[in-house]
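Read the structure below first, then the notes.
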Amino acid sequence: MWKDLLKQAVKTKLTCRVLAGFNANVDVVIKLNAEMIENIITENSQILDDAPAQPTKVWPIKTNVEFLALLQECIKVGKSYYGVMDSRLGDWFNQAFTGREEAMGGQAGIIANQMAALGATSCVYCPVLSPKQAAMFDERVLYPKVNGKVSWIPIRTAVNDQWTKLNYIFEYAKGIRFKFGNQEIVSPRANRVILGTRNPKAAMGFDPAIQPVLAEVGQSVDLAFMAGYHHGRIEGRAETLAEYIELSVNDLKRLKSGNPDLKLHLEYVPMPNAADEVVLLREITPLFTSFGINENEIRRLLDELGYPDLVAEIVKKERAFSLYQGVLQIARELKVSRIQLHNLGYYVVVLMKPYAVDPAVVRQACLFASAVNGVKALQGGAVPLEDVTRIADYPLSEIGLGQLRAFVSEAKSLGLPAADEMIDTGIMEMDDHWVLIVPAHVIPNPVSTVGMGDTVSSSAYAAEVSLAAVKSCNC
């Protein structure tokens, strides 16, 4: 059953017009191994001294001591991390890590390139666009030019600044035995630590010059993936959280004003201040039609929203059912009609009723996204549409299939309407929502882990919007 569903899903074509904003940068990718860390510590014998007690709480990271402590903690617990760094630390990175690759980074940049590669009409908006950054975009990506009205021009002709935002990405594979002084740590899973530079020019919002024509921008697209709100302010224009929320809400309303059917997706990225994050999300998320999050992030968000029991259950036994309970609560709290949680080997999707798209279409879109992400894991970079069929005969993970079977068993034991046929469909209908448990691919030793969550979320929602439009036309 699932093999047949996958074979159908990989035939999906993206026909929608997509906008991605705001964060695009250059990723400096450094693949860590045990020898690198050992050499650094040998050459800097005091580097592990005076390490902060809670390295993940340090913001921004300013010294190599703080960096090593952060890296050690993240590898030990098997968690990804994104934070801000002092740009001067980049000089030390350049000396200590000579092997590196540069690639497109940032949610907007990754999504714009992936949408173009999959055949969608791909547009991007980032306030600062340097020659270095522009060259990393797919040449088919379009950028808005404002001259009384909006025209869309090729991204490589849209350069407006010389400054480039850099993200240093430290990736490591599963099973590497790292030595931090006397402490030996074996990485429990493939993951990464990301540290990014900042500049007031790289605002996470629309420039005042484009604000008057946002309605026209919204009319130009069917779907927008917006990211960067976790920065929480724009220097010089929205210094306080309240000012930033007001600015963001007004811009989102302008964007939708000319196109009430515009779909908007927000991919969760943690803010440094948890209290601010709750205030921000409660205000902006109801303007979005879709929300993306992963299995680690949901614990933090549920805790912030005041659901320690749901967090405790996920910590006690992370599984599809406990994650479903958390996703459903977030959907209700944040008043968003679609949430997709991506986890290793499966996705949990909650659709609040009334939902305009058939859950079977949503399932097909999720399987398409799994295929795209599987190819990305195998070969890296933005996945061309013609490569997606490569994964048609690659089996969905036993992790996901096992989680689906376990979900059905637990749901039935609690009296929920999970018939045995859910093992074949992945879909359960409740009074006010649908839940989908969709098995996904797991690729051992992926070429890259950067941007996988963004790839899953964007490919799934763009496929859903495209498939729904085709079905509507056929009707």
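Restricting to the stretch 83-95, what's the tally of residues that are surrounded by fewer than 17 Cβ atoms within 10 Å (Cβ to Cβ) and either assigned to a helix (DSSP H, G or I) or polar (S, T, N, Q) (or both)? Residues that pass the stated criteria total 6. With respect to the conditions (1) farther than 25 Å from PRO188 by Cβ; (2) surrounded by 14 or more Cβ atoms within 10 Å (Cβ to Cβ), CYS74 falls short on a single one, namely (1). For the condition crowded, with 20+ Cβ neighbours inside 10 Å, of a type in the set (Gly, Ala, Ser) and outside any helix (DSSP H, G or I), GLY292 qualifies. The requirement of being among the acidic types (Asp, Glu) and surrounded by 18 or more Cβ atoms within 10 Å (Cβ to Cβ) is fulfilled nowhere in the stretch 239-249; no residue meets it. In this structure, is GLU283 over 18 Å from SER458 (Cα atoms), over 24 Å from the mean Cα position of the chain (by Cα), among the charged types (D, E, K, R) and part of a helix (DSSP H, G or I)? It is false that GLU283 is over 18 Å from SER458 (Cα atoms), over 24 Å from the mean Cα position of the chain (by Cα), among the charged types (D, E, K, R) and part of a helix (DSSP H, G or I). Here is the figure for the stretch 291-350: residues that are acidic (Asp, Glu) and in contact with a Pro (Cβ under 9 Å, 6 or more places away or on another chain) total 1.
Determine whether GLU297 is closer than 23 Å to VAL349 by Cβ, surrounded by fewer than 20 Cβ atoms within 10 Å (Cβ to Cβ) and within 17 Å of the chain's Cα centre (by Cα). So GLU297 fits the description; yes. In the set ALA371, ALA382, ALA377, ALA392, only one residue is surrounded by fewer than 17 Cβ atoms within 10 Å (Cβ to Cβ), of a type in the set (A, V, I, L, M) and in the same structural domain as LYS317 (by TED's automatic domain parsing); that residue is ALA392.
If you go through the stretch 63-82 one residue at a time, do you hit one that is in contact with a Cys (Cβ under 6 Å, 6 or more places away or on another chain) and part of a strand (DSSP E or B)? Looking through the stretch 63-82, at least one residue is in contact with a Cys (Cβ under 6 Å, 6 or more places away or on another chain) and part of a strand (DSSP E or B). Once the stretch 73-89 is narrowed to residues that are touching a residue at least 40 places away in the same chain (Cβ under 8 Å) and more than 26 Å from GLU297 (Cα to Cα), the residue that is farthest from the chain's Cα centre (by Cα) is LEU89. Of the residues making up the stretch 378-393, those that are in contact with a helix residue (DSSP H, G or I) (Cβ under 6 Å, 6 or more places away or on another chain) and free of Cβ contacts under 8 Å to residues at least 24 places away in the same chain are ASP387, ARG390. All conditions but one from (1) within 17 Å of SER370 (Cβ to Cβ); (2) surrounded by 23 or more Cβ atoms within 10 Å (Cβ to Cβ); (3) not acidic (Asp, Glu) apply to ILE443; the one that does not is (2). Among residues of the stretch 44-72 that are at pLDDT below 80, those with a beta-carbon under 7 Å from a residue that is assigned to a loop (DSSP other than H, G, I, E, B) and of a type in the set (Gly, Ala, Ser) at least six positions away or on a different chain give the pairs LEU48/GLY181. Which of the residues belonging to the stretch 408-424 are assigned to a helix (DSSP H, G or I) and touching a helix residue (DSSP H, G or I) at 6+ places or on another chain (Cβ under 6 Å)? The answer is VAL408, GLU410, MET422, ILE423. Within the stretch 106-133, the set of residues being of a type in the set (Gly, Ala, Ser) and either free of Cβ contacts under 8 Å to residues at least 12 places away in the same chain or surrounded by fewer than 21 Cβ atoms within 10 Å (Cβ to Cβ) (or both) comprises GLY119, SER130. One residue stands out among those in the stretch 10-65 that are charged (D, E, K, R) and touching a strand residue (DSSP E or B) at 6+ places or on another chain (Cβ under 9 Å): the one that is surrounded by the most Cβ atoms within 10 Å (Cβ to Cβ), which is ASP27. Of all residues in the stretch 172-208, those that are assigned to a strand (DSSP E or B), over 25 Å from the mean Cα position of the chain (by Cα) and of a type in the set (Val, Ile, Thr) total 2.
Here GLU239 meets the list (1) acidic (Asp, Glu); (2) within 26 Å of the chain's Cα centre (by Cα); (3) not assigned by TED's automatic domain parsing to the domain that holds TYR461 almost entirely, failing just condition (3).
Okay, residues lined up against (1) in contact (Cβ under 8 Å) with a residue 60 or more places away in the chain; (2) part of a helix (DSSP H, G or I):
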residue	(1), (2)
ALA360	yes, yes
GLN364	yes, yes
ALA369	yes, yes
ASN373	yes, yes
LYS376	yes, yes
PRO395	yes, no
ILE399	no, yes
ALA406	yes, yes
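For MET204, the criteria (1) closer than 30 Å to LYS31 by Cβ; (2) modelled with pLDDT of 95 or more hold in every case but one, which is (2).
The values are calculated or read from the model by the stated rules, or taken from the named source; none is laboratory data. Keep in mind that this is a model prediction, so the values were computed, not measured. Please note: Cβ atoms are built from the backbone with ideal geometry, for glycine as well, and neighbour counts cover all protein chains shown.
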